[in-house]
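Notes follow once the structure below has been shown.
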Amino acid sequence: MSVGFRTFTKRVAIVGLTGMLLAGGGLTLVQNAWAADEAKAPATEATAKDAAVDKAEPETAELKKPAKARFSLNAGELTVLKQLAERRRQIDEREARLVERERVAAVMETRLADQAKEMKRLQAVLAKQSAEIEAAKQADMGADKARLTKLAKAYKAMKPKDAARLFEAMDMAMLAPIAREISARSLAPVLSRMSAEKANELGRLLRRK
């Protein structure tokens, strides 16, 4: 049922049935009133729509506000956020230091491993050189031994007085090794022909053997 019809019904109740029987101008007056009510109805509906739009406008306006205005923080919340940001910065710095320490430790570990390898190589070289030196020493000793043995045989083959004369002129450091290669039985006649001082000194060195 339309708004105009309801309004018309009310007016009929007020005017009464006698008004509807009026001819000519009365009927025309009633029709004009009905048309006016019908014209007002769209305006009323538009007004309702405008009211609904006005009601929705605050929400739309709220959404159109900047994010900073809609999500404002108080002083306490800002302080907490600053503390969290500082804490995060400290954690990041600590993690960066740990990463740097791990990198330095890895570099040092690599260097130590390289140094250990180099030390092993040097030890092997030194061991080889020591072995070569010892071999040369033994060879020299063997050569000296052979030379001393040969000299001892030569002096042993000499006459005691000739050997004594050569022993007298010889340095004691050279004489003692040669005399050790000669048996006591062969050396006794030589010592008896040497000076007492030289013979006694040679005898002391031989006894220390």
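The values are calculated or read from the model by the stated rules, or taken from the named source; none is laboratory data. Not measured: the values here are computed from a predicted model. Cβ sites come from the backbone with ideal geometry, for glycine too, and all protein chains shown count toward neighbours. When the accessible area is computed, the model is the full protein with side chains, heavy atoms only, and any ligands, DNA or RNA have been set aside. Shrake-Rupley method; radii C 1.70, N 1.55, O 1.52, S 1.80 Å.
Note on region 148-209: percent of Cα-Cα distances in each 5 Å bin, starting at 0 and stopping at the bin with the largest distance, equals 4, 20, 37, 30, 9, 1.
How do the peptides 82-88, 146-152, 175-181 rank, highest first, by the average count of neighbouring beta carbon atoms within 10 Å per residue? Intermediate values should be presented prior to the final figure.
Values: 82-88: 10.0, 146-152: 14.0, 175-181: 18.0.
Descending packing order for the listed peptides: 175-181, 146-152, 82-88.
The count of lysine pairs in region 101-209 with alpha-carbon distances below 19 Å, taking only pairs 8 or more places apart or on different chains, stands at 13.
Using heavy-atom solvent-accessible surface (probe 1.4 Å) with all chains present, what is the largest-first order of Ile133, Ile182?
The ordering from most to least exposed comes out as Ile133, Ile182.
A 1.4 Å probe over all protein chains sorts Arg208, Arg97 by accessible area into Arg208, Arg97, starting with the largest. Accessible area per residue (1.4 Å probe, heavy atoms of protein chains only) ranks Asp171, Asp162 as Asp171, Asp162, with the largest value leading. Rolling a 1.4 Å probe over the protein chains gives Val107 an accessible area of about 60 Å². Electrostatic tally near Leu148: other residues with Cβ closer than 11 Å to its Cβ, Lys and Arg +1, Asp and Glu -1, net +3.
Taking label positions 7 Å along the Cα-Cβ direction at both Ser195 and Lys156, the computed distance is 2.8 nm, reported to one decimal. Surface composition of region 82-157: carbon plus sulfur atoms hold 60% of the accessible area, using a 1.4 angstrom probe and ignoring ligands, DNA and RNA. Could you tell me which residue out of Gly203, Ala139, Ala106 lies farthest along the dipole of region 91-206 toward its positive end? Charges go on the beta carbon: Lys and Arg +1, Asp and Glu -1, centred on the Cα centre. The listed residue farthest towards the positive side: Gly203. Under 5 Å between amide hydrogens, built in the peptide plane, is the criterion, and for Met158 it picks out nothing among residues at least 5 positions away or on other chains.
Coupling constants for region 89-98 follow from the phi torsions by the Karplus curve (6.51 cos²θ - 1.76 cosθ + 1.60, θ = phi - 60°), and in residue order they are 4, 4, 5, 4, 5, 5, 5, 5, 5, 4 Hz; glycine and proline get x. With a Förster radius of 41 Å applied to the beta-carbon distance between Gln123 and Leu98, the computed FRET efficiency rounds to 0.65. What is region 94-209 by shape, rounded, prolate or oblate, if you read a ≥ b ≥ c off the alpha carbon gyration tensor as root eigenvalues and call it rounded for a/c under 1.5, prolate for a/b larger than b/c, and oblate otherwise? Note, shape of region 94-209 comes out prolate. Computed with a 1.4 Å probe on the full set of protein chains, the accessible area for Lys161 sits at about 130 Å².
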